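Read the figures in this text as sums done on the coordinates, not as results from a lab. Here the structure is a predicted model, which means the values were calculated and not measured. Glycine gets a Cβ as well: all are built from the backbone with ideal geometry, and neighbour counts include every protein chain shown.
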Amino acid sequence: MSTAASTSYEAHFKVWRGDTDGGGLEDFKVEVNDGEVVLDIIHRLQATQAPDLAVRWNCKAGKCGSCSAEINGRPRLLCMTRMSTFSREETLTVTPLRAFPVVRDLVTDVGFNYTKAREVPAFVPPQGLGPGEYRMMQEDVDRSQEFRKCIECFLCQDTCHVVRDHEENKSAFAGPRFLMRVAELDMHPLDSAAESGLERKKTAQDEHGLGYCNITKCCTEVCPEGIKITDNALIPLKERAVDRKYDPLVWLGNKIRRRPGA
Amino acid sequence: MRGAGRAAIAAPHLRTDRWWLQPAGTAAGLFAFIVYSTWRAFANADYYAAPYVSPFYSPCLAENCEPMKGGPNWEIFGSWWGLSPALLILIFPLGFRLTCYYYRKAYYRGFWASPPACAVAEPHKKYSGETKFPLVFQNMHRYFFYAAVPVAGILTYDTVLAFRDENYEWGHMGLGTLVFLVNIVLIWAYTLSCHSCRHIVGGKLKHFSKHPVRYRTWQWIGKLNARHMLLAWASLISVALADLYVYLVASGAFDDPRFF
Amino acid sequence: MTTVERQQWDVVVVGAGGAGLRAAIEAREQGARTAVICKSLFGKAHTVMAEGGIAASMGNVNDGDNWQVHFRDTMRGGKFLNQWRMAELHAQEAPDRVWELETWGALFDRTRDGKISQRNFGGHEYPRLAHVGDRTGLELIRTLQQKIVSLQQEDFKEHGDYEAGLKVFQECTTTRILKDDVDGKVAGIFSYERESGRFFVIEAPTVILATGGIGKSFKVTSNSWEYTGDGHALALLAGAPLLNMEFVQFHPTGMVWPPSVKGILVTESVRGDGGVLRNSEGKRFMFDYIPDVFKEKYAESEEEGDRWYEDPDRNRRPPELLPRDEVARAINSEVKAGRGSPHGGVFLDVSTRMPADVIRRRLPSMYHQFKELADVDITAEAMEVGPTCHYVMGGIAVESDTAAALGVPGLFAAGEVAGGMHGSNRLGGNSLSDLLVFGRRAGLHAAKYAAGLGAERPVIEDSQIDLAAAEALRPFSAEGPDETLTEEGPLPSTARPAENPYTLHQELQQAMNDLVGIIRREEEMATALKRLADLRVRARRAGVEGHRQFNPGWHLALDMRNMLLVSECIARSALERTESRGGHTREDYPGMDRGWRKVNLLSQLADPTGGLAATDPVRGQIRLVRKETEPIRPDLLALFEKEELVKYLAEEELYE
């Protein structure tokens, strides 16, 4: 903890610089001090060696999800990656997110995510309940609240091989973040999409590409908020879709229950 | 990894850690189990040593089964069935594990490299996930879960029978009984920690507050579910060990030490 | 001459934080075609950093609460300098604004009977803050963002175009408000896309400024890079005055270590939920710092303070929950007296007050933040904290009911960029409610104003656009300082090194932090003004490398204009106000002066006719005007005890 002993050292960085026309990794030697994160080092490069190095950032506290990039090949938030997690001899390679088109240097065009966000129908408020009349129990909102911790850093969207390795899947697949949004709304205790004729679990499979997910859990691994995307959102959503289509007991139950009415 | 306008980086990945270790380990572990279980399933021998029946052969459903007193053998398949009776029943646990959400991840990564590890490019040109035949049948996991519950029930029955001695006298216990006990606890823990089970007991509900008992069960299963991977491996190993134990005793390579 | 794309909209909102988005939703629902401009990506605004909650007197936890109590707390917190009408509207409308969020899908933490849970906070008499763990700002921004998406989905159904009635221009910066040359009405804005550097003009008869604050002019701040005082500067340059800019809130608890995160906020909920402040001697020093005006409201002993968490009706609250200005000054004094922590703060401890799992549940992002950034486990050890520049109470002077800026028709302001609502000091939780209440009002009245104009839209002359474009391009042709002499004589202009905008920014931050910080002195502020003048000269030579495509050096060079303007407003006003009140503490005038209560300091451009080029860089750009506030309405005054009012109001005000 003592600040008396000098703890700064020189680190070796390789930073991808370029734009849509091409680019490559550029080498930098740069000072690192005690307690710094990778974003601090990128800022030092800007201030001292490469004033036009483009990087997107905002809160620098892991709350806004702007500074997503890849460090040594792993999608991370630049502001939440401490330099102390690397050895001093290690060369750090920093590149832009590789699943999205690059704009410049470390900045990518994340428009894909905003397009997908628009394709998920919004919360449907319950009929007959005015503002101030909503009553929801904490245990009923817990699940959706976990998903609403999402800071939309889009690291899960970037790491998901469905679109990362297969550009052609982008049109059919919403990605973990927005499948999780469908799960969030389907688990919202007062969402009345079903009453208005919108079957969210069905659209997850039919319109948002839930079937593309092969639950290899990379989204959960990269989530800086620690949201259990696969176990708590995607698999439950798959199970909900199964309820509709494949469960033998549900099918039987519906047959029996429907008979007296029919 | 190629797509319109993406950063021009040729390398399929830039990871510097030993990312290949996990998929390689998974593949090796699964492969070892497949080799062992295939041999044992087709062997059609050394699967019963009173009072123990190998979990691979329980329940034993063909005429060619070894007789087990009070044991789970019913001659549903007549003399026309000439193959190993293990094949009749192993389909169910095999299907359960094959469609399990954890094992899917394990073999998609380990065997199919789809993807081999996070942010490491997969070698396939096309990918349609579980949207098409045959992988769309992964949605059948629930059927196998329903089947896995009675199978686990029968293995529980086998464990109870293991409290006999070789003369079928009750109230005895040997090392094999302990092996069976550990195995059945792990089998149940794995079965109940299944994502389908978690969904059925409570996950499907919109309002937990209206179903307090199911909510508590869901929470409990959720805690187990968080260790689903661990339980998947532990029960896989324990079931193989239980079978190996029976094999060793039945083939005479080893004598079951009796406690009382 | 540059040809610049022009687009036509009814209302343009600059800023996409809580206030901007709420304004945009309202304007669009009123039928106005609305454009939103923001510097970051949509949904990343600084509002996401708000942690504690939204203050609204719903009375869900303690039914003694109502808008009058909230109003009283707000006025007390602001030391009666608040625009009382704003404080009144705010207290009355906040509950509706919170409930409305639920109908858009927000999920607040719940009480046992399923209502929105409310938590205690500094300066609030009752548990009042609707919250979601300690990530309330994220919930607010996400809910508003998703409401905007849902409106766009409606537009898509109707017009086949998501952006027919409401469009977000993300990662764009506005550098000028454009006005009609003839009648001086707002006519639109001049902006550039950060991604491409491309200029564009939005023609709109109304502009709502919702750009947030000014914290990036200070070295230690909880604010993000966006907080460069853009809206303040745009308003000034358009001819609108700023109100009481000397009032800058230093949040008492920012992280102090490691250096790279110095200033990042530690939410007040830590104290609201039971955290206590201790000095290096282990003493709960806040008991020594309860000012006279608050003596009756706060506990005198640790035992009483501790009892209050369980039984708030029969005990008084602990002094850790005094308004922020008091706590910040107390911490400052302790550190100065040599009783600080190893890294120059004090200790904030929850680990001995709550079980570890409760801490992790109630303060998840604080736990995460300390664990990830400082390697400190707050369930096991104390945090080190110190004051950090957090919020500016001063801002664009607006009409209380309509959020319209004074003197510039068509210009509106809401949120932190607007002044007056919080007086000399803001209570925690009152910011998010302010965003919603006045964001909505700004959207409503802007839409009405635009509709009222009919087809008679103000006109933007090409010459104005050319000026704005030239100003924005300056950093690419910057020349080095004249006095760069070598042994062979002056260097040719092309060879002189231009000023590095990053260096200039750091010097500005250091100057403001050291000289116009939490405790102020006359000589220091005079020095600050000199430094600012010097920086202003140098900033005109700030040069950048590279091209216009996503060039952060260029962006910073442009933002420097705004930070310098706003910093001057703060320094000048702070020098002028010879008293200590709320977020303005003068070492040479330590007492609150009732005579100053009525006085508002308006900052105006010294030379409103010319652009910046015409302004003498040394003389300064800002002129101060004093303006008396309207007397507080009698029925509102009647909400207070006479004995309390005596402390704040001058004799003649009491008997009017």
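Here are some notes:
- When the Cα positions of C:164, C:101, C:497 are compared along the charge dipole of chain C, C:497 comes out farthest toward the positive end, with charges on each C-beta of Lys, Arg, Asp and Glu.
- DSSP beta bridge pairing in the protein assembly as shown, given as percent antiparallel to the nearest 5: 70 percent
- Counting only Cβ charges, +1 for Lys and Arg and -1 for Asp and Glu, the dipole size of chain C around its Cα centre is about 280 debye.
- Sequence-separation-based contact order of chain A, relative, with Cα cut under 8 Å and 6+ spacing, percent: 16 percent
- Pairwise Cα distances in chain C exceed 37 Å for 34 percent of all pairs.
- Kirkwood Rh and Cα Rg combined as Rg/Rh, chain A: 1.08
- The charge dipole of segment C:490-569, taken about its Cα centre with unit charges on the Cβ atoms of Lys, Arg (+1), Asp and Glu (-1) only, comes to about 300 debye.
- Cα centre as origin, Lys/Arg/Asp/Glu Cβ charges: chain B dipole, Debye: 2100 debye
- Expressed per residue, the C-alpha convex hull volume of segment C:147-191 stands at 103 Å³.
- Counting every other Cβ atom within 10 Å of each residue's Cβ, A:227, B:154 order from fewest to most as B:154, A:227.
- Taking a straight Cα-Cα cut-off under 18 Å and skipping sequence neighbours fewer than 8 places away in the same chain, the lysines within cross-link reach of residue A:29 are A:14.
- Bridgeable lysines around residue C:185 (alpha carbons under 19 Å apart, same-chain partners fewer than 8 residues away excluded): C:448.
- Database note for the protein assembly as shown: Cys without another Cys beta carbon under 4.7 angstrom, A:67, A:79, A:150, A:153, A:160, A:213, A:223, B:100, C:38, C:172, C:389, C:569.
- Fraction of C-alpha pairs exceeding 35 angstrom in chain B: 28 percent, rounded to a whole number.
- Segment C:251-388: Cα Rg divided by the 2.2 N^0.38 Å rule of thumb: 1.00
- Put simply, segment B:1-137 fits an ellipsoid with semi-axes of 44, 16, 10 Å; these come from the alpha carbon gyration tensor as the roots of five times its eigenvalues, largest first.
- Solvent-free Debye scattering, log10 I(q)/I(0), computed from the Cα coordinates of segment C:103-262 at q = 0.12, 0.15, 0.16 Å⁻¹: -0.86, -1.19, -1.26
- Which listed pairs, of B:105/B:223; C:295/C:647; A:60/C:216, have C-alpha distances above 18 Å, in listed order: B:105/B:223
- Straight-line cross-link partners of residue A:245 among the aspartates and glutamates, defined as a Cα under 13 Å from its Cα and at least 8 positions apart when in the same chain: A:199, A:206.
- Taking other C-beta atoms within 10 angstrom as a stand-in for reagent exposure, B:191, B:16 fall in the order B:16, B:191, fewest first.
- The Cα atoms of segment C:487-628 cover 58, 35, 32 Å along the three principal axes, with the biggest extent listed first.
- Computed from label points 7 Å out along Cα-Cβ, the spacing between residue B:230 and residue A:255 is 4.2 nm.
- Cα convex hull of the protein assembly as shown, projected area averaged across orientations, nm²: 53.9 nm²
- Extreme residue, positive dipole direction of chain C, given options C:305, C:553, C:429 (C-beta unit charges): C:553
- Placing unit charges on the Cβ atoms of the charged side chains and taking the dipole of the protein assembly as shown about its Cα centre, the candidate lying farthest along the positive direction among C:443, C:463, B:189 is B:189.
- Kirkwood Rh in Å, taken over segment A:111-250 so that all alpha-carbon pairs contribute: 15.6 Å
- Among A:42, C:519, a tally of other beta-carbon atoms within 10 Å of each Cβ gives an order, fewest to most, of C:519, A:42.
- For residue C:295 and residue C:588, the difference between the fully extended length at 0.36 nm per residue and the C-alpha to C-alpha distance is 103.1 nm.
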